[in-house]
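Peer 1: Questions regarding the structure given below will be posed in turn.
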Amino acid sequence: MLRSMFTAISSLNLHQSYLDVVANNLANANTTGYKASRVVFQDQFSQMLSPGAGPSATQGGVNPIQIGLGTQLGYISPVFSQGMLQATGRNMDMSIQGDGFFIYDQGVNRRYSREGSLSLDSTGNIVNSSTGLRLQGWLVDASGNVDPNLPADDINLTTDGTVARATSNAIIGGNLSADAVAIGGTVTNTMGLYDSLGALHTAEVTFTRTGNNAWSWAVTDPATGVGAGTLTFDTQGQYSASTVTTAISIPGGAGANAIGLTADFSSMTMLAGDTSVSVTSQDGLPTGTVTDLYITPKDGQVFLVYSNGMREQVAQVAVARFNNPAGLIKSGNTMFQQGLNSGEPQIGLANSGGRGTIAAGYLEASNVDMAQEFTNMILAQRGFQASSRVITTSDEIMQELVNLKR
């Protein structure tokens, strides 16, 4: 009788813990990046009444006789199934599709989370918006590359700088008139180019017809600029070939390098009609300031976007993967820390080494299944009720035993 009562009490305590887990899951149904927990029960020790016996030559075997002594908690473990990705329209919101965690700095012990709502603090660090913990990754080196073999560190950006880019390539297109320009005639075209400090310079290129299908070109202004070459066209008036006899070099402004230009004439034609020569594109940019921060999907590259249209990669987000993520320890704020059974973090680039891809502009919703949790709530309630009935019945039997004395 006492044994059944204590067995039922162990079940009461366990179902109360079960209900605590269900309540926490439902409370975090709308928590970004939250991972629901599940509860697994185990039976406790069993009292051996008879060990049984093996079969003999004259009779069969007898099975053991045991009475269970209740139930106990097997484990409470987070479930790392993928949560739904919710579009936010904000590029600095990120989520991971697949395995992996964002890495946040918290001194000696790093924190790992699926929650990627990010912002820039006053010193230029990319931080978690709710906790202020700094996101970890790699800054680009002097050659513009990222080395994921180096330890991940804070992503600190300089957002008050200005940049410019000198023109190094230009495409010159249009038509050189085959009937309006006689042999020996010239056509002058003006080009706008930027030096290394972002200053705009104007250069003139003069085309001189030297034969039926041949032209020469030369930089004629500014006077200190140099550059010359030839152009030839086929009998259909289409571009055939070009040569450079003197490389184009145009002086920059004070303190700037000279503009070394490579000109592409392959889109030019020589057809009857009007002359219409122009620079169709050039890769120089004027001075620009930072206007936006952009994180690429899939691999999490961080770019600064400038007002002149230039994009400059400055960093890349690091992603950690664990062999046993269920072994991580919850540390609050939808974050985890390394546990004894989680294994070491495998830190690297997104979309590599089994790590998932980054979805920029999305946040991962909680993976709580409310229908399942309400079902679990009913199971916990009914299990608690059944155990309480066992206690009541055991008490009634004990009362009958006491009443035998009357």
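Peer 1: Go through (1) under 29 Å from GLY309 (Cβ atoms); (2) more than 36 Å from the chain's Cα centre (by Cα); (3) at pLDDT 95 or above for ALA203 and report which single condition fails.
Peer 2: (3)
Peer 1: Between residues in the stretch 260-272 that are surrounded by fewer than 22 Cβ atoms within 10 Å (Cβ to Cβ) and residues that are in a loop (DSSP other than H, G, I, E, B) and not aromatic (Phe, Trp, Tyr), which pairs lie under 6 Å by C-beta distance while being six or more apart or on different chains?
Peer 2: THR269/GLY237; LEU271/ALA178; LEU271/GLY237; ALA272/ALA178; ALA272/ASP179
Peer 1: Sticking with this one: Limited to the stretch 290-332, what total is found for residues that are touching a Leu at 6+ places or on another chain (Cβ under 8 Å), closer than 17 Å to LEU135 by Cα and either basic (Lys, Arg) or without any contact (Cβ under 8 Å) to a residue 12 or more places away in the chain (or both)?
Peer 2: Matching residues across the stretch 290-332 total 1.
Peer 1: Residue by residue through the stretch 179-209, note down the ones that are in a loop (DSSP other than H, G, I, E, B) and within 25 Å of VAL163 (Cα to Cα).
Peer 2: ASP195, SER196, LEU197, GLY198, ALA199
Peer 1: Just for the stretch 379-394: of the residues that are polar (S, T, N, Q) and crowded, with 16+ Cβ neighbours inside 10 Å, which one is farthest from ALA23 (Cα to Cα)?
Peer 2: SER394
Peer 1: Need a quick list: strands (runs of 3 or more DSSP E) entirely within the stretch 300-406 having at least 1 residues that are among the polar types (S, T, N, Q).
Peer 2: 301-306, 311-321, 329-332, 335-337, 346-349, 357-360
Peer 1: While we're here: On the given criteria, is GLY339 touching a strand residue (DSSP E or B) at 6+ places or on another chain (Cβ under 6 Å), without any contact (Cβ under 8 Å) to a residue 60 or more places away in the chain and either among the small types (Gly, Ala, Ser) or closer than 30 Å to SER196 by Cβ (or both)?
Peer 2: yes
Peer 1: So in the stretch 49-86, with the set limited to residues that are in contact (Cβ under 8 Å) with a residue 60 or more places away in the chain and of a type in the set (Ser, Thr, Tyr), which one is surrounded by the most Cβ atoms within 10 Å (Cβ to Cβ)?
Peer 2: Out of the qualifying residues, it is THR71.
Peer 1: Ok, one more. Is it the case, given these coordinates, that SER281 is closer than 30 Å to PRO151 by Cβ, touching a residue at least 60 places away in the same chain (Cβ under 8 Å), assigned to a strand (DSSP E or B) and of a type in the set (Ser, Thr, Tyr)?
Peer 2: no
Peer 1: Look at LEU304 and say whether it is closer than 28 Å to ILE155 by Cβ, surrounded by fewer than 19 Cβ atoms within 10 Å (Cβ to Cβ) and of a type outside the set (Asp, Glu).
Peer 2: In short, no.
Peer 1: For ALA23, only one of the following conditions fails: (1) touching a Lys or Arg at 6+ places or on another chain (Cβ under 9 Å); (2) surrounded by fewer than 14 Cβ atoms within 10 Å (Cβ to Cβ); (3) outside any loop (DSSP other than H, G, I, E, B). What is its number?
Peer 2: (1)
The values are calculated or read from the model by the stated rules, or taken from the named source; none is laboratory data. Fair warning: this is a prediction, and the values are worked out from it, not measured in the lab. When we count neighbours, we look across all protein chains shown, and the Cβ atoms used for this are built from the backbone with ideal geometry, even at glycine.
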